[in-house]
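The values are calculated or read from the model by the stated rules, or taken from the named source; none is laboratory data. This is a predicted model, so every value here is computed, not measured. With ideal geometry, Cβ positions are generated from the backbone for all residues, glycine too; neighbour counts draw on all protein chains shown. Each accessible area value is taken on the protein alone, full model and side chains, heavy atoms only, with ligands, DNA and RNA left out. Shrake-Rupley method; radii C 1.70, N 1.55, O 1.52, S 1.80 Å.
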Amino acid sequence: MSQLLINETTKVPLSDLWEKDEFAKAVHLAIEGVSSELRAISLKLHEDPELSYEEHKAHALITDYLEKKGFEVERKAYGLDTAFVARAGNSDKVTIGICSEYDALPSTDSPKGAFHACGHNLIAISGIATAIGLKAVIEQFGLEGQVKLFGTPAEETSGGKIVMLDNGAFKGVDICMMLHGANADVVYPAFLALDTVEVEFFGKASHASASPWEGINALDAAVQAYTNIAMMRQQMHPSQRVHGIIKDGGKAANIIPDYTKSVYTVRAPKFGEVEVLKKRVEKILNAAANSTGCTVKLTWGIPYKDIITNDPLARKFEHYMNNQGVKYASKQEQMSKLSGSTDMGNLTYALPGIHPMFNILNLIGEDDKTMGLHTNAFANAAAQPIGHVATLRASKSLALTGLECIVDSVFLKAVKQDFDTQVQN
């Protein structure tokens, strides 16, 4: 940052980061000043989880709070009832986009039928904190720029960010970033691209004992497809995934099933690989239909693309986290840890962005391989005080990373050049 006292080659003690740099101090004080309020929001979201596109209470809670903090808030934004955008700043010369998520996962153990086992209560407040930090420094120093906080529903299912992207939400946004709690600190996450297909086989019903020869068995087709996909895995690259379930296998044991429904998800490190793998899967599904005499209907969903991590943004974020005591493994080691998938990937194909993961289990940078995401244990961890501290720490670094793009045009140009290069490749 051109006005900052620190750079990538300077290791500054934590106290100096906040006390000697006026911009960093403004961000730090703004975020710490709302810590207790953000903690209350996080716990409220955690105690009252809502599934994808049902996040009405979360939407109201967050937008009401942002409005009280001086943001210009648009509710039910871009065609989605539980999406929003909150704006602050005095110029659109540079626009920094930040994303918050707040949908929960379904749970058979929770009395409410949902739980925050992916820590989206922390993702929600990380976006709020980052936006508040940026708003404070922009207004305090009269900087030419603005921040837009996007409330993005349904990440766990159908990709609210993708709908918002298609509806023009990110038009004019220079960069877009977000944070995600995890069991490790990672700047270069290896999120997989994916696409999901609903497979319906149609056959002919008959009595399974009296006249089975008159039937066309849709369950045979579904089982053949499941088995042949399993056999295909031996010839798949270890980084690729195809997994699925049979959702409807028939209605009674004494009826030859005339209908079955299965769902399969195809994943790979790059979206182009998913497209190739999908063709292999489709051949298996069509072959199962042909060999049993069934017909088949394939309905592909909304694809999630892999994350294109913008290198200048990632290095800048890592720098600020280093100055707060966080250490990272090498880029190669970080990228070797395959993860799930996210609709944020689609945004990084449209504009420069990063999606760092921050450890909510400890503050010393130790990976905790005993606790994975999407588990009861991680849901419990997402409500603990240490996770809150980790969230605010990462939010300060993300805010300062965004600030770099506002005050340093050379840095922003490098960010955009890196994006152009990676997308073209």
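Specify whether the C-alpha gyration tensor of the stretch 314-385 places it in the rounded, prolate or oblate class, a ≥ b ≥ c being the square roots of the eigenvalues: rounded for a/c under 1.5, otherwise prolate if a/b is larger than b/c and oblate if not.
Values: a/c = 1.72, a/b = 1.19, b/c = 1.44.
Note, shape of the stretch 314-385 comes out oblate.
Have a look at the DSSP beta bridges in the chain and tell me what percent are antiparallel, nearest 5. Please report the intermediate quantities before stating the final value.
On the way: 39 of 54 bridges.
The answer is about 70 percent antiparallel.
Per residue, how many Å² of accessible area does the chain show with a 1.4 Å probe?
So the chain comes to 42 Å² accessible per residue, rounded to a whole number.
So for each of 416-424, 142-150 I average, over its residues, the number of other beta carbons within 10 Å; can you give me the resulting order with the highest mean first?
On the way: 416-424: 13.8, 142-150: 21.3.
Put in order of decreasing packing, that is 142-150, 416-424.
Place the peptides 124-136, 207-219 in order of packing, highest mean first, counting for every residue the other Cβ atoms within 10 Å and averaging per peptide.
Numbers: 124-136: 28.5, 207-219: 15.2.
Peptide ranking by packing, descending: 124-136, 207-219.
DSSP loop trypsin sites (Lys or Arg not before Pro) in the stretch 201-285 with at most 16 other Cβ atoms within 10 Å of their Cβ, which ones?
On the way: sites: 204, 233, 241, 247, 251, 261, 267, 270, 278, 279, 280, 283; in loops: 251, 270.
Sparse-neighbourhood loop trypsin sites (Lys or Arg not before Pro): 251, 270.
If eta is 1.002 mPa s and T is 20 °C, what Stokes-Einstein diffusion coefficient results for the stretch 261-363, Kirkwood Rh from Cα pairs, in µm²/s?
The estimated diffusion coefficient comes to 128 µm²/s.
With the Cα gyration tensor of the stretch 47-107 giving a ≥ b ≥ c as the square roots of its eigenvalues, does the rule (a/c under 1.5 for rounded; else a/b larger than b/c for prolate; else oblate) give rounded, prolate or oblate?
In terms of gyration-tensor shape, prolate.
If the viscosity is 1.002 mPa s and the temperature 20 °C, what translational diffusion coefficient in µm²/s does Stokes-Einstein give for the stretch 139-204 when Rh comes from Kirkwood over Cα pairs?
Rounded to a whole number, D works out at 133 µm²/s.
Positive end of the charge dipole of the chain (Lys, Arg +1 and Asp, Glu -1 on Cβ, about the Cα centre): tell me which of 28, 382, 40 has its Cα farthest that way.
Value computed over the given set: 382.
Projecting each Cα onto the charge dipole of the chain (Lys/Arg +1, Asp/Glu -1 at the beta carbon, about the Cα centre), which of 229, 107, 159 comes out farthest on the positive side?
So the residue we want is 229.
Divide by every residue of the chain the summed helix terms, -39500 (n - 2.57) for each DSSP H run of at least 4, and state the resulting mean residue ellipticity at 222 nm, rounded to the nearest 500 deg cm²/dmol. Don't jump to the answer; show the numbers that get you there.
Working: 14 runs with 177 residues, N = 425.
Computed ellipticity for the chain at 222 nm equals -13000 deg cm²/dmol.
When the Karplus curve 6.51 cos²θ - 1.76 cosθ + 1.60 is applied with θ = phi - 60°, which whole-Hz ³J(HN,Hα) does each residue of the stretch 326-331 get, with x for Gly and Pro?
8, 10, 10, 5, 4, 4
Placing unit charges on C-beta atoms (Lys and Arg positive, Asp and Glu negative, everything else neutral), compute the dipole magnitude of the stretch 281-389 about its Cα centre in debye, rounded to 20. Mind showing how you got there, number by number?
Details: 9 positive and 9 negative charges, 37 e Å.
The dipole magnitude comes to about 180 debye.
Please report, largest first and rounded to whole Å, the three semi-axes of the ellipsoid equivalent to the stretch 359-425, where each semi-axis is the square root of five times an eigenvalue of the C-alpha gyration tensor.
In descending order the semi-axes read 33, 17, 9 Å.
What ³J(HN,Hα) values, in whole Hz, does the Karplus curve 6.51 cos²θ - 1.76 cosθ + 1.60 give for the stretch 396-405 when θ = phi - 60°, with x put for Gly and Pro?
Computed from phi, the couplings for the stretch 396-405 are 4, 5, 5, 4, 5, 5, x, 4, 3, 6 Hz.
Which angle between 0 and 90 degrees, to the nearest 10, do you get for helix 35-47 versus the longest principal axis of the chain when only C-alpha atoms count?
10 degrees
Please sort 93-105, 391-403, 360-372, 61-73 by packing, taking for each peptide the average over its residues of neighbouring beta carbons within 10 angstrom, highest first.
391-403, 93-105, 61-73, 360-372
From the list (1) 56, 29, 16; (2) 59, 24, 20; (3) 44, 22, 20, can you say which value of semi-axes √(5λ) of the Cα gyration tensor in Å was derived from the structure given?
Correct label is (3).
Give the aspartates and glutamates whose C-alpha is closer than 12 Å to that of residue 161, dropping any in the same chain fewer than 8 places away, or say none.
101, 343
About its Cα centre, how strong a charge dipole does the chain have in debye, to the nearest 20, once Lys and Arg get +1 and Asp and Glu get -1 at the Cβ? Spell out each step's value before the answer.
Values: 41 positive and 50 negative charges, 125 e Å.
Around 600 debye, computed over the chain.
Over the Cα atoms of the stretch 38-196, what Rg and Dmax result, in angstrom?
15.5, 50
Please build a GNM for the chain, connecting alpha carbons under 10 Å apart, and tell me which residue among 346, 167, 290 fluctuates the most.
Most flexible of the set in this elastic network: 290.
Any idea what the dipole of the stretch 220-327 comes to, in debye rounded to 20, about its Cα centre with Lys/Arg Cβ at +1 and Asp/Glu Cβ at -1?
The calculated dipole for the stretch 220-327 is roughly 200 debye.
Do you know the relative contact order of the chain, to the nearest whole percent, from alpha carbon pairs under 8 angstrom that are 6+ apart?
With pairs under 8 Å counted, the relative contact order is 22 percent.
Which FRET efficiency value, to the nearest 0.05, do you get for residue 413 and residue 204 by plugging their Cβ-Cβ distance into 1/(1 + (r/R0)^6) with R0 = 45 Å? Could you put the intermediate results ahead of the total?
Working: r = 64 Å, r/R0 = 1.42.
Calculated transfer efficiency: 0.10.
Using only the alpha carbons of the stretch 281-322, what is the convex hull's orientation-averaged projected area in square nanometres? Numbers along the way, then the final one.
Values: hull surface 20.2 nm².
With the hull built on Cα positions only, its mean projection is 5.0 nm².
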